[in-house]
1. Of the accessible area of the chain, with the probe set at 1.4 angstrom, what percent is carbon plus sulfur?
2. Using Cα atoms only, what is the angle between the long axis of helix 7-28 and the major principal axis of the chain, expressed in degrees (0 to 90) to the nearest 10?
3. How far, in degrees from 0 to 90, does helix 34-71 lean away from the longest principal axis of the Cα atoms of the chain, to the nearest 10?
4. Let me have the 222 nm mean residue ellipticity of the chain computed from DSSP H runs of 4+ only, each contributing -39500 (n - 2.57), with the sum over all residues rounded to the nearest 500.
5. Identify the GluC sites (Glu not before Pro) of the chain meeting these criteria: DSSP loop state and at most 11 other C-beta atoms within 10 Å of the C-beta.
6. In angstroms, what radius of gyration and Dmax does the chain have, counting Cα atoms only?
7. Size of the dipole of the chain about the Cα centre, Lys and Arg at +1 and Asp and Glu at -1 on the beta carbon, nothing else charged, in debye to 20?
8. May I ask you to give the solvent-accessible area per residue for the chain, in square angstrom, as obtained with a 1.4 angstrom probe?
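The values are calculated or read from the model by the stated rules, or taken from the named source; none is laboratory data. In this text the structure is predicted, and so the values were computed from the model without any measurement. Heads up, the Cβs are rebuilt from the backbone with ideal geometry, glycines too, and the neighbour counts pull from every protein chain shown. Only protein heavy atoms, including side chains, enter the accessible area calculation; ligands, DNA and RNA are left aside. Shrake-Rupley method; radii C 1.70, N 1.55, O 1.52, S 1.80 Å.
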Amino acid sequence: MIDKISYDQMLQISKDLKDQAEKIQALAEPRELLDLVDFASTVEGYSKFLENTVELNKDADKALKELREKKR
């Protein structure tokens with residue numbers, strides 16, 4: 001969990017952002033709306049950042065669990 005959002009919710013948000021960014025890019029590129037293409041690319045990058053954050057937090061949770069178990 002990250003703050004009050006579960007990992008699954010965060011991954012769904014990431015997927016939704018990526019999907020919408022791809023749609024924006026598909027519409028903006030043929031029209032040469034470069035600022036909008038840049039924005040969509042940034043949103044897609046943030047989507048990947050969210051995915052990586054979830055994975056890092058899952059790994060940290062696993063490591064903390066192992067440390068707690070060793071301490072007992």
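1. Values: 3270 of 5870 Å².
Carbon and sulfur together cover 56 percent of it.
2. Value to nearest ten degrees: 10.
3. Computed tilt is about 10 degrees.
4. After summing the helix terms and dividing by the residues of the chain, the value is -30000 deg cm²/dmol.
5. Answer in residue order: Glu32.
6. 17.2, 62
7. The dipole magnitude comes to about 700 debye.
8. Normalised by residue count, the accessible surface of the chain is 81 Å².
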